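This report refers to the structure that appears directly beneath it.
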Amino acid sequence: MWTVLIKYILRNRNLNLTIIGVITAFMAFMALKVQMSYEYAQMLPESDSVNVEYQNFKSVFGEEGSVFFVGYDDTLVKNYKTFTEWNKIIEQVQNIEGVSGVFHIGNCFNLEKDTAAKKLITAPVFKEIVTSQAQLDSLLSVAYSLPFYDGFLFNKESGIGVLMIWIQNDFLNTSNRTELIKSIKDPIENFGQSKGVEMHYSGMPYIRTVISEMIQRELISFMFLAIAVAAIILLFFFRSLKALAFSLLVVVIGVIWTLGTLAIFGYEITILSGIIPPILIIIGIENCIYLITKYHTEYISHGNQAKALARVVQKVGYATLLTNVTTAVGFGSFMITGNAILVEFGIVASINIILMFVFTLILIPTLYSFYAPPSARHTKHLTFNWMKRAASGIVGIIQYHRPKALIAVIILILMSGYGIYRLENKGSMVDDIPVKNKMYKDLKFFEENLSGVLPVEITIDTKKNKGLFSINTLNRINTFQEKLLQYPDISKPLSIVEVVKFSKQAFYGGRPEMYSMPNQNEKNFILSYLPDVESGDNKSQILNSFVDTNFQIARISLRIKNLYTPEIAELKSQLRVDLDSIFPTDRFTTHITGSTIVFQKGSEYLVRNLIYSLLLAIGIISILMFLMFNSIQMVMISMISNLLPLIATAGMMGLLGIDLKPSTIIIYSISLGIAVDAAIHLLSRYRQQLRITNWNVKESILNAVSDTANGMIYSGVVLVFGFAVFILSGFGGTQSLGYLIGFTLFVAMFANLIILPSLVLYFDKRATTKSFGKPVFDILDEEEEEDK
């Protein structure tokens, strides 16, 4: 097959270049249509009970993650001139398209008793424009006397004020959100700087927007960084502008095809799909290095350029195909996770890895066939003294120091075992943001002053119409909220109970000490004064934000700190115990939901499915290697050698305190798919050597190591330094992708060069059977090539 293929490639050079050029032009046209994703990552299947509860909550109470929080030192509003200027800025923000409402101390309202209508009406605290300091001080004292607002609109104790900005749902998941957040933030930030007051920003719309912008910037920068690293390595190894130009052409085409594939499938660029182009650049350069090195090696051996180009495909075509298939399997295994973003990532990456292999196998021989053979300067990399010493040292270790190498492996496994024991499965909603990033610092600001901004919602269904008018039910909610105040990671709860307390305070002339639950004698006339849910008065939002239209379901709205997933699960468990102890399950139905709860369940779901995807990758790669080598023993030896780096990486994570979470666990399937490539090349060469040496195992494996060491070290350097560019990312998860995969592949390089050959020698009789020389799909040996 490979002989026929190389004949086709070299006899139809212009046709092949034209076909690839036309497809690339089409893909470039499609790539122009690809869009950034602005939707919140959906980690749970639609049918999952937690997701169903969350969707039901939103159908009753609306979107709970649409608030943009701005925090500031309340000295900003204590000077009447500054207060007036601040109100004008907020009015400007209020008029921006996409803003559905704002709430701050300057437009807060009080409840006043309308004795004629026997209703409580909402009246602004600041009814007129403030014209003097005395007037401002008087009005602020009224606002600060309303306990309803303390803990979410301001914090009297810490001297913090909060501006809450509601973003329209139509803007939350579109590209318009980026410009909207900027148009909101810019005047606020400029005002703060002019007054010497630091502004703090948080809330899900802001967090998601900042992350989207970072993805967009990094997509471009990482592509150029990956290309720059690849160019430097290519020039160092090959000292050839042709090798550089041809390799870069291949990876640029790969990037264009990747972006085109995203557009064809209707996918958008996410935090994961955004790193596919740089990854494909790294993998594509590795393919080019293997092919170009083989071309140079063959040409030096016999001086025939056509024969050298033919043998590039004949001798390494199948092995390179298998290495790319195993790499694609590593990425493709994410398709079983059930997570849309990971499924898209797996589909696009695996398809384009195979496509890149195909056009690399066509382009490299084709392009080199148009030019003169390589000169001595271009093939000098094959005789680097340091490379010779490295290969000789590796052979020496395998030949004379195998026991020491295996003892080192045992020590590594024991240390890794201790590290794995310390490894924790946890993550948080924003723990991939560096602690030095302003967004992370601002989040901590809100945690310290308002106990956080991440939403958690609790619903209490009384199972009957107007069940919330029961004083017994309201007292139960109040009892539960008093328990909530004992949790250090939860903000002040807001619910109908707080509205009722506010109403009682208003009923008794606004006296702060009357902010409490009405007793049995007060409850009838105070509850009758509550405003109607559908009164048409915009200020009735104070009530209908916390109850449904039938007064059957109550909502308790909380904000929590940026907790880790086990802490969120523990918090949810404690809340469930408190709810069940206060609300009998035969009379009430209670739910704990919100985007934070969905994240916690989704993270656990994702980690579990990523483990399944890793096991799937191991299984499929093992099958592929069996089809290639027809030896279960050899497959086991090679998989042991390539699982060792994964164990070492897991141990290192535990020792360094790096948590197991979706953004770190994905590296295992990717690393395995790439690392096993070296084992395939080595074992392919080993089998060829067995035929040459008449099944002398020791001589064959040592010769195979000597022959493949250069390529394995070259590709190892490319992979380690290529993935190292991700360390420069602003995301902890992407940084992990860089240094964890880099470390894994570094260990894998030595495992495949030293441990794999050592194990072959230890188990030579059982592993190197005659079936090993008769694979399901054969690879041409040198004698067969000469005959052809």
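The values are calculated or read from the model by the stated rules, or taken from the named source; none is laboratory data. The shown structure was predicted, so the numbers you read here are calculated from the model rather than taken from an experiment. Cβ: placed from backbone, ideal geometry, glycine included. Neighbour counts: every protein chain shown. Side chains included, ligands, DNA and RNA excluded: accessible areas come from the protein's heavy atoms. Shrake-Rupley method; radii C 1.70, N 1.55, O 1.52, S 1.80 Å.
List of remarks:
- With respect to being open to solvent by less than 40 Å² (accessible area, probe 1.4 Å), outside any helix (DSSP H, G or I), at negative phi and of a type in the set (A, V, I, L, M, F, W, C), residue 592 fits the description.
- Single condition residue 291 does not satisfy, out of (1) over 23 Å from residue 34 (Cα atoms); (2) aliphatic (A, V, I, L, M); (3) open to solvent by 20 Å² or more (accessible area, probe 1.4 Å): (3)
- Filtered by the rule that a residue be surrounded by fewer than 19 Cβ atoms within 10 Å (Cβ to Cβ), of a type in the set (Gly, Ala, Ser) and under 19 Å from residue 80 (Cα atoms), the range 103-133 gives a lone residue, 132.
- Looking at 473, 479, just one residue is hydroxyl-bearing (Ser, Thr, Tyr), over 38 Å from the mean Cα position of the chain (by Cα), surrounded by 17 or more Cβ atoms within 10 Å (Cβ to Cβ) and not in a loop (DSSP other than H, G, I, E, B), and that residue is 473.
- Given (1) in a helix (DSSP H, G or I); (2) open to solvent by 30 Å² or more (accessible area, probe 1.4 Å), index of the condition residue 198 fails: (1)
- Residue satisfying all of: in the range 743-764; surrounded by fewer than 24 Cβ atoms within 10 Å (Cβ to Cβ) and over 19 Å from residue 706 (Cβ atoms); nearest to the chain's Cα centre (by Cα) among these: 743
- The range 712-724 - residue that is surrounded by fewer than 24 Cβ atoms within 10 Å (Cβ to Cβ) and in contact with a Gly (Cβ under 9 Å, 6 or more places away or on another chain) and, of those, farthest from residue 752 (Cα to Cα): 724
- When the test is whether a residue is open to solvent by less than 10 Å² (accessible area, probe 1.4 Å), in contact with a Cys (Cβ under 8 Å, 6 or more places away or on another chain) and either not basic (Lys, Arg) or not in a helix (DSSP H, G or I) (or both), residue 282 does not pass it.
- Filter result for the condition that a residue is within 29 Å of residue 181 (Cβ to Cβ), free of Cβ contacts under 8 Å to residues at least 24 places away in the same chain, open to solvent by 40 Å² or more (accessible area, probe 1.4 Å) and assigned to a loop (DSSP other than H, G, I, E, B), over 492, 436: 436
- Helices (runs of 4 or more DSSP H) within the range 1-105 that include 3 or more residues within 30 Å of residue 193 (Cα to Cα): 80-94
- Residue that is nearest to residue 170 (Cα to Cα) [pool: residues in the range 6-41 that are modelled with pLDDT under 90 and open to solvent by 70 Å² or more (accessible area, probe 1.4 Å)]: 39
- Selected residue (only one of 81, 58, 33 is free of Cβ contacts under 8 Å to residues at least 24 places away in the same chain and under 26 Å from residue 180 (Cα atoms)): 58
- Restricting the first member to the range 411-426 and to residues that are closer than 9 Å to residue 651 by Cα, and the second to residues that are part of a loop (DSSP other than H, G, I, E, B) and open to solvent by less than 80 Å² (accessible area, probe 1.4 Å), the beta-carbon pairs closer than 9 Å and six or more apart or on different chains are 422/657; 423/658; 423/659.
- If you check 423, 406 for being modelled with pLDDT under 95 and under 34 Å from the mean Cα position of the chain (by Cα), only one passes: 423.
- Boolean, residue 662 is under 21 Å from residue 738 (Cβ atoms), open to solvent by 10 Å² or more (accessible area, probe 1.4 Å) and out of contact with any strand residue (DSSP E or B) (no Cβ under 7 Å at 6 or more places or on another chain): yes
- Flag for residue 584 being open to solvent by less than 10 Å² (accessible area, probe 1.4 Å), more than 20 Å from the chain's Cα centre (by Cα) and not small (Gly, Ala, Ser): no
- Condition met for residue 50 (more than 30 Å from residue 141 (Cβ to Cβ) and β-branched (Val, Ile, Thr)): yes
- Conditions (1) crowded, with 21+ Cβ neighbours inside 10 Å; (2) touching a residue at least 24 places away in the same chain (Cβ under 8 Å); number of the one not met by residue 738: (2)
- Within the range 294-302, the presence of a residue that is closer than 14 Å to residue 719 by Cβ and of a type in the set (Val, Ile, Thr) is excluded.
- Some residue of the range 211-228 being more than 20 Å from the chain's Cα centre (by Cα), under 19 Å from residue 359 (Cα atoms), in a helix (DSSP H, G or I) and modelled with pLDDT of 85 or more: yes
- Contact map, the range 673-702: residues that are in contact (Cβ under 8 Å) with a residue 12 or more places away in the chain and farther than 24 Å from residue 286 by Cα paired with residues that are open to solvent by 10 Å² or more (accessible area, probe 1.4 Å) and of a type in the set (Val, Ile, Thr), Cβ distance under 9 Å, separation 6+ or inter-chain. Pairs shown: 690/697; 690/768; 695/768; 697/768; 700/692; 700/693; 700/768.
Here is a yes/no grid of residues against (1) surrounded by 20 or more Cβ atoms within 10 Å (Cβ to Cβ); (2) modelled with pLDDT of 90 or more; (3) assigned to a helix (DSSP H, G or I):
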{"position": "327", "(1), (2), (3)": "yes, yes, yes"}
{"position": "332", "(1), (2), (3)": "yes, yes, yes"}
{"position": "335", "(1), (2), (3)": "no, yes, yes"}
{"position": "352", "(1), (2), (3)": "yes, yes, yes"}
{"position": "355", "(1), (2), (3)": "yes, yes, yes"}
{"position": "360", "(1), (2), (3)": "yes, yes, yes"}
{"position": "363", "(1), (2), (3)": "yes, yes, yes"}
{"position": "368", "(1), (2), (3)": "yes, yes, yes"}
{"position": "376", "(1), (2), (3)": "no, no, no"}
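- Looking across 606, 610, 624, 614, one residue alone is closer than 30 Å to residue 44 by Cβ and open to solvent by 20 Å² or more (accessible area, probe 1.4 Å). It is 614.
- Once the range 406-433 is narrowed to residues that are among the β-branched types (Val, Ile, Thr) and open to solvent by 40 Å² or more (accessible area, probe 1.4 Å), the residue that is farthest from residue 43 (Cα to Cα) is 407.
- Residue match in the range 384-405 (condition: outside any helix (DSSP H, G or I), among the charged types (D, E, K, R) and open to solvent by 20 Å² or more (accessible area, probe 1.4 Å)): no
- Reported count of residues in the range 99-125, each being in contact (Cβ under 8 Å) with a residue 24 or more places away in the chain and of a type in the set (A, V, I, L, M, F, W, C), is 9.
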